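Take a look at the structure below.
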Amino acid sequence: MYQYDQYDQKMVDARVEEFRDQVDRRIAGDLTEDQFKPLRLMNGLYLQLHAYMLRVAVPYGTLSSKQMRMLGHIARKYDRDYGHFTTRQNIQYNWIKLEDAPDILADLASVEMHAIQTSGNCIRNISSDQFAGATADEIADPRPWAEILRQWSSFHPEFSYLPRKFKFAVIASDTDRAAMRLHDIGIQLVHNDAGELGAKFFVGGGMGRTPMIAPEIRDFVPADELISYAEACLRVYNRYGRRDNKYKARIKILVHELGKEEYTRQVEEEFAHMKQLGLNPPVEELARISEFFQDPPFDTQASDDLDLSDPDFALWVDQNISAHKQPGYAIATISLKPRGGIPGDASSAQIDLMAELAEQYSFDELRVTHSQNIVLPHVRKSNLYAMWQKLDEAGLAPANLDLITDSIACPGLDYCSLANARSIPLAQKISERFADLGRQRELGELKLKISGCINACGHHHAGHIGILGVDRKGTENYQLLLGGSGAEDASLAKITGPGFTEDGVIDAIETVTDLYLEQREEGERFIDTYRRVGMARFKEAIYG
Amino acid sequence: MVEAIRLRDDEVHEEPAVSLDSFLDQSNATAVRIEAGEDARLLLPYLDRVSLIEIDFPAFGDGRGYSAAQILRESGYAGELRASGDVLLDQISHMRRCGFDAFAPNSPINPQRMEEAFKRFEHVYQATSDQRVPIWRHRHG
Ligand code: HEM
Ligand code: SF4
C-alpha cells in the first residue's frame, strides 16, 4: 500500500489547519454561508436534510487495517456508530457537527487519510478496480497510476473551480469492475505494440440526468505523458464547459455538443503545447510509487484445497469468492447487504471486525467496491472457513454478491435534500421479498440499482434493473428501468413506462424476473435475455 | 474602490485597460482586460507590447480565468497579470500559482491573512506557471 512521505503528510496536515481556520471564520461570521460552501465542499462536508454529512476519501478504494479502524473510531466518536460506504469507494458519515469537522480531519490525517476534494467542482477521489493487485486478469496494478493522478489532482490550482465535479476511474483489465466508462475520464491501462504500458483514455461519461457512456478519445498515452494529456483534457473542459446551466455543465455535455472528434482535436492541440511544459513526473516517480504496491509475501506452497462440507460456507464461497492470481489464495467480498439492511452501511463494531480480519488474514489490506461492499483481497484459502465463521457471527456473511439483493441504493429521502423518494426502505423491502437465497441464485447475476432522484447517485442507469424515484403530485413514485450495465458491456437502461407505487414496483420486478426465468436460454443472465428478447416483451408482461 | 494588491516591484502601469475587442482594433494599447469567456490566446501575437493584462472573475466559482492566466504565462508573458472581480482570500493562492501577480478584489483582503494563505502549503504537487518546484522534483532531484 502507498505510504505518505514527509511531503504528502505535510500537505494533509496543512489542509487540516486551513480548514480549521475556515470553520473558525464561518462560526465567527467572517465567512458567509455562500463563501463557506465551496470551501467545506472541497473538504467533503455537505449539508443534508438533518445534519452535516462528511465524505472521506478512500483513494482507489484501498485501505489498511489501521485506516479502517480509524473509520470505525470516527463513527463511534463523532457519529451515530455507523458509516456508509458509497458507490465511489468512499465512506460517508451522516450526523456530523460542523465544529467537530476539523478534529475529524486531524484524526484522518494521523492515518494518512483525508476528505480533500470529495465534493465540489473539482477533481474527485480517483476510483479503481477493487480487485487490483489480486486478480489474474489485469495487465498491471492500476493503483500506482491512480496515485500519480491523486497527487497531481490534489489542490490543482487551475482545476479547482471547474464547471462541475470531475471523476476519474483507472482500471487495467478488460473486465470492468469500476464502471470506468461512466466516469468523466476513464482510463484503461494497455500495452502498445512495443510492449510498453500506457493509458487508453475515455472521456465524457457520467450518470446524472443525462447519462452517457464515455467514448474513447485516445488509444495510448505513454506513462511519462499521462499528466500533460490529462491536463489537456481538463483545460479544454475548464475553458469551454458550460457554466450557464449546472445541469449541462458536466464534461459529457461538452464532448457531446462539440462531438467527440472536435473535442479530441482540441485536446490534441492543447496536448501538443502542454507536453513541452515539463508537467510530467519522471518515470522514476511511477517506479517509486509502484514499489508500494508489490505483492505481499504470499506463501507459494499454500494449498488450493477447500473443505466445503459446511453447506452455508460452501454457498458463500461459491458466491462471494473470486479467483486470485496466486494459487492457494482467494479474493473475498464481504457483502454489506444483509437481509433487510441498508446497502453500504456498517456499524463501528463491524468496521473494527473487518479491520481485524484484514490484519489477521489479508496482509492488512481492505478494499471498498463501487457496489458498496468490502473486499479482503488476499486471503489464504486454508483460512477462509475460520474467517467466514467470524464474519457470519457479525452478520457480515450474506452470500449474495452480484445477486438481486446485492443492490446499490443512494441515501434518498431519508437523508438527502434533493430526493423525490426514499431509496433505502425500498431496497430493504426488495431484499425481504427476494430473501430466499435459492431463488436469488436461480436468478443469477442481477444488478439492481436504486436512485431517489434524477441525479443518479444510485447508478440506476447502469442497473440491469434500475429504479428511479420521482415525485408525482406530491407522492413518491418509482420508475422501472431495464437493460443498463456499468461493466465492460456498458449500456444505459431504458424506462419501461409509467411509474409505480413502492409495492407496485416490487411486483413489477417480480414480473420481469419471472419472464426472464421463462424466456432464458442456456447460460444467459437476466441482462442477456433482456437484450435478446427486447423491451417490448418485458413491457407487455408488466403493463399487459 | 478597494486598493489593488501588487506582488511586483516594477512601476504601476498607468494606462487603463481596454476591452479585448478594442485592444485587437487598436494597434498601440498596452493594457487589456479580458472577460471570463474570452479567449486569452487571441493576445498571444501581442504579448511583447503588453504591460498589463487584467482577467475578470465574475464569480469566484467561475474558474476560467485560471486557465487564461496559465496560457498567458506558458506563452512567455512577463508583464502584470491582474485578477479582478470576485477575488477572495480563499482562492488567492491558487491564483498566484497560475501566474497572477496582482489582484483587484471587489472587497478588501486582509494583507496578513493573505500572507498566511500564501505560506500555508510549503510544497506543491504540480508544476504550474509560478515556477514552484513540484514535490516529484524534490523527490527525484
Ligand atoms: C445525500 C447527499 C448527496 C447529494 C446532495 C448528492 C448530490 C448529487 C448530485 C446533484 C448529483 C448529480 C451531479 C451531476 O449530474 O452533475 C450526484 C451524482 C452522483 N452522486 Fe451524489 N449526492 C449525495 C450522496 C451521494 C452518495 C451517498 C453517493 C454514493 C453512494 C453518491 C454518488 C453519486 C454518484 C456516483 C453520482 C453520479 C456521478 C455522475 O453523474 O457521473 N452521492 N449527486
Ligand atoms: S440520487 Fe438524488 S436522492 Fe439519491 S442521493 Fe443523489 S441527489 Fe440524493
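Quick look at the values:
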item: Residue within region A:165-174 that is of a type in the set (Phe, Trp, Tyr), modelled with pLDDT of 95 or more and open to solvent by 30 Å² or more (accessible area, probe 1.4 Å) present; result: no
item: Selected residue [more than 14 Å from chain B (Cβ to nearest Cβ), within 27 Å of A:Phe293 (Cα to Cα) and away from ligand 1 (no atom under 16 Å from the Cβ)] from A:Ser382, A:Ser371, A:Ser431; result: A:Ser382
item: Qualifying residue in region B:109-124 (condition: touching a His at 6+ places or on another chain (Cβ under 9 Å), more than 9 Å from every other protein chain (Cβ to nearest Cβ), in a loop (DSSP other than H, G, I, E, B) and at pLDDT 95 or above); result: no
item: Those residues of region A:461-484 which are among the basic types (Lys, Arg) and not in a strand (DSSP E or B), in sequence order; result: A:Lys473
item: Residue that is farthest from A:Pro157 (Cα to Cα), among those in region B:125-141 that are facing chain A (nearest Cβ under 7 Å) and of a type in the set (Val, Ile, Thr); result: B:Ile135
item: Conditions (1) within 22 Å of A:Ser290 (Cα to Cα); (2) away from every other protein chain (no Cβ under 14 Å); (3) open to solvent by 10 Å² or more (accessible area, probe 1.4 Å); number of the one not met by A:His114; result: (2)
item: Conditions (1) within 24 Å of B:Ile109 (Cβ to Cβ); (2) within 12 Å of another protein chain (Cβ to nearest Cβ); (3) surrounded by 14 or more Cβ atoms within 10 Å (Cβ to Cβ): number failed by A:Tyr4; result: (1)
item: Residues within region B:68-99 that are hydrophobic (A, V, I, L, M, F, W, C), more than 10 Å from chain A (Cβ to nearest Cβ) and part of a loop (DSSP other than H, G, I, E, B), tallied; result: 2
item: Residue tally, condition of a type in the set (Phe, Trp, Tyr), farther than 22 Å from A:Gly278 by Cα and within 14 Å of another protein chain (Cβ to nearest Cβ), over region B:43-67; result: 2
item: Search result, residues across region A:366-388 that are open to solvent by 10 Å² or more (accessible area, probe 1.4 Å), more than 14 Å from the chain's Cα centre (by Cα) and touching a residue at least 40 places away in the same chain (Cβ under 8 Å); result: A:Arg380, A:Lys381, A:Ser382, A:Tyr385, A:Trp388
item: Selection within region A:402-424 - open to solvent by less than 20 Å² (accessible area, probe 1.4 Å), of a type outside the set (Ser, Thr, Tyr) and more than 10 Å from ligand 1 (Cβ to nearest atom); result: A:Leu403, A:Ile404, A:Asp406, A:Ala421, A:Ile424
item: Selected residue [open to solvent by 20 Å² or more (accessible area, probe 1.4 Å), at pLDDT below 95 and farther than 29 Å from B:Phe100 by Cβ] from A:Arg209, A:Arg181, A:Arg177; result: A:Arg209
item: Positions within region A:1-59 being of a type in the set (Ser, Thr, Tyr) and in contact with a Pro (Cβ under 6 Å, 6 or more places away or on another chain), in sequence order; result: none
item: Residues within region A:454-497 that are open to solvent by 10 Å² or more (accessible area, probe 1.4 Å), within 15 Å of ligand 1 (Cβ to nearest atom) and at positive phi, tallied; result: 1
item: Residue match in region A:43-52 (condition: on the phi > 0 side of the Ramachandran plot and open to solvent by less than 60 Å² (accessible area, probe 1.4 Å)); result: yes
item: Condition check for A:Leu162: surrounded by fewer than 24 Cβ atoms within 10 Å (Cβ to Cβ) and not assigned by TED's automatic domain parsing to the domain that holds A:Cys457; result: no
item: Residues (buried (at least 22 other Cβ atoms within 10 Å of the Cβ), touching a residue at least 12 places away in the same chain (Cβ under 8 Å) and away from ligand 1 (no atom under 14 Å from the Cβ)) located in region A:229-267; result: A:Tyr229, A:Ala230, A:Glu231, A:Ala232, A:Cys233, A:Leu234, A:Arg235, A:Val236, A:Asn238, A:Tyr263, A:Val267
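The values are calculated or read from the model by the stated rules, or taken from the named source; none is laboratory data. Remember, predicted model here, so these are calculated numbers, not experimental data. A quick note on method: Cβ atoms are made from the backbone with ideal geometry, for glycine too, and the neighbour counts reach across all protein chains shown. Accessible surface areas use protein heavy atoms only, side chains included; no ligands, DNA or RNA. Shrake-Rupley method; radii C 1.70, N 1.55, O 1.52, S 1.80 Å.
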